[in-house]
Amino acid sequence: MWLTDEISPSHQAIGNFINKHLTTSLKDIFKELNEYIIKNDNVNTDIIYIDGTKIESVANKYTFIWRGAVEKFESKLHLKITKLIEKLNKEYNPSGISFNEYDLYELNYLESIKAFLDKQIGLLNPVFVYGSGKRKTLLQRFYEENLNYQKEVIKNLKSEFGIELRVQRSIQVEGAFGMIKENYGIRRFRRKGNLKVWLEMTLTAIGYNLLKFHNKRYRVTE
């Protein structure tokens, strides 16, 4: 906007620029930009990571998925969390409150359940009891069960395998898709036709690569 003296170009002007100037040259621009970044930022191109995504889906850069070498153990934890959510829904559905079940559970989802239970504790002020022979309230059992699962998730994330998995994911393309969807808000193509979709995605990739290059060069955190 500074270049145009705060004058916003119309959608027609942007469309005309894309159709007249970018349709035939965008591929070369993308190629030259990547070659420049590779050369000046010492990017290792020995390994190429490929992945697919759906623009309509919502990805998250910090998602931890329950698969891989620890699948057997994590599937048990997933089942425990699902059973907890079923009990929560049985208790709170009559009040119009529901909790979603997922194939993949993230730490922040368990934290959101804890935040809800914290509010319930503040409203009802139940007495928490400990020791054998003490009968705990349903709310205390929910709270402690969810807290235990959070600790298990954190333990898994901090394990040697969990650290290795997160390092691998940080250099793979899921993070790029998550950034494009969550931070840029690009979840749906606005133009129809293969060529127009390709143009839109290539422009998005150019913007993403330029931002990453700028942030790394000038040490600006995302």
In nm, spacing of pseudo-spin labels at residue 23 and residue 101 (7 Å Cα→C-beta vector): 5.1
Using θ = phi - 60° and the Karplus form 6.51 cos²θ - 1.76 cosθ + 1.60, what ³J(HN,Hα) does each residue of the range 130-142 get, whole Hz, x for Gly and Pro? 9, x, 5, x, 8, 8, 7, 6, 4, 5, 5, 5, 4
Once phi for every residue in the range 24-39 is put through the Karplus expression 6.51 cos²θ - 1.76 cosθ + 1.60 (θ = phi - 60°), the whole-Hz ³J(HN,Hα) values, with Gly and Pro written as x, are 9, 10, 5, 4, 5, 4, 4, 5, 5, 5, 5, 5, 5, 5, 4, 6
Output wanted: per-residue J couplings in Hz (rounded whole) for the range 94-102, from phi through Karplus 6.51 cos²θ - 1.76 cosθ + 1.60, θ = phi - 60°, x for Gly and Pro. x, 8, x, 10, 9, 10, 7, 9, 10
What is the distance, in nm, between label points placed 7 Å from the Cα along the Cα-to-Cβ direction at residue 80 and at residue 124? 2.2
Residues meeting the amide H criterion for residue 137 (H placed from the backbone, H to H distance under 5 Å, 5 or more places apart or on another chain) are 129
If you look at just the Cα atoms of the range 71-166, how large are its Rg and its Dmax in Å? 14.7, 43
Computed over the range 71-166: relative contact order in percent, which uses C-alpha pairs under 8 Å that are six or more apart: 28
Determine, from the Cβ-Cβ distance of residue 203 and residue 41 and an R0 of 25 Å, the FRET efficiency 1/(1 + (r/R0)^6), rounded to the nearest 0.05. 0.75
I'd like to compare 134-144, 31-41: which one has the highest average count of other Cβ atoms within 10 Å, and what's the full order after that? 134-144, 31-41
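The numbers here are math on the coordinates, done by the rules we state, and not lab data. The structure presented is a predicted model; accordingly, all values stated were derived computationally and were not measured. Positions of Cβ are backbone-derived with ideal geometry, glycine not excepted, and every protein chain shown enters the neighbour counts.
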